[in-house]
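One structure below.
The values are calculated or read from the model by the stated rules, or taken from the named source; none is laboratory data. Source: prediction; values computed, not measured. Backbone-built Cβ (ideal geometry, glycine too); neighbour counts: all protein chains shown.
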């Protein structure tokens, strides 16, 4: 039997950032079921891996990284996230040419593959929590008070920024705004 938690969002206390401050337009009741069935699909791993990146265990991610991320998988990420090569290059801390000059089946090095998987992990989790890819894609480019007025996109170019964005998405999911 799964437990259900419901959180009513109280936006009257200005000391606690509201959903609007975190990037939402309207407050709503957030319902979370422990062990819930996740709605998101895999962002870059189509074919044999059907589990969303955000639901992969660290061991599964390490095993997948040992193979490397291909240009074709990056193209899938690019399409789903609606990011162009300039924006992806900024997020992945590489030049645009590094991303463009690979052939479809060629793999990126392990460092870049890890960054690509980290980005796919955030988008997979965001799509699951927001339940709307377009809304999440827009949220990534909205200023966010929890990030000191920066957008989630602005801080996702390193490991610590990606972790903070993932934490904010988690707080949105569970209705905890501290």
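Per-structure values
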| quantity | calculated |
| --- | --- |
| All positions within the stretch 142-166 that are crowded, with 17+ Cβ neighbours inside 10 Å, in contact (Cβ under 8 Å) with a residue 24 or more places away in the chain and part of a helix (DSSP H, G or I) | 146, 152, 153, 162, 165, 166 |
| Residue count for the stretch 167-178, restricted to those that are closer than 23 Å to residue 83 by Cβ and surrounded by fewer than 13 Cβ atoms within 10 Å (Cβ to Cβ) | 2 |
| The stretch 89-106: number of residues that are surrounded by 15 or more Cβ atoms within 10 Å (Cβ to Cβ) and touching a residue at least 24 places away in the same chain (Cβ under 8 Å) | 5 |
| Meets criteria (at pLDDT below 95 and either part of a helix (DSSP H, G or I) or within 23 Å of residue 153 (Cα to Cα) (or both)) for residue 59 | yes |
| Yes/no for residue 80 being more than 12 Å from the chain's Cα centre (by Cα) and assigned to a helix (DSSP H, G or I) | no |
| Residue in the stretch 120-141 that is buried (at least 18 other Cβ atoms within 10 Å of the Cβ), closer than 13 Å to residue 92 by Cβ and in contact with a strand residue (DSSP E or B) (Cβ under 9 Å, 6 or more places away or on another chain) present | no |
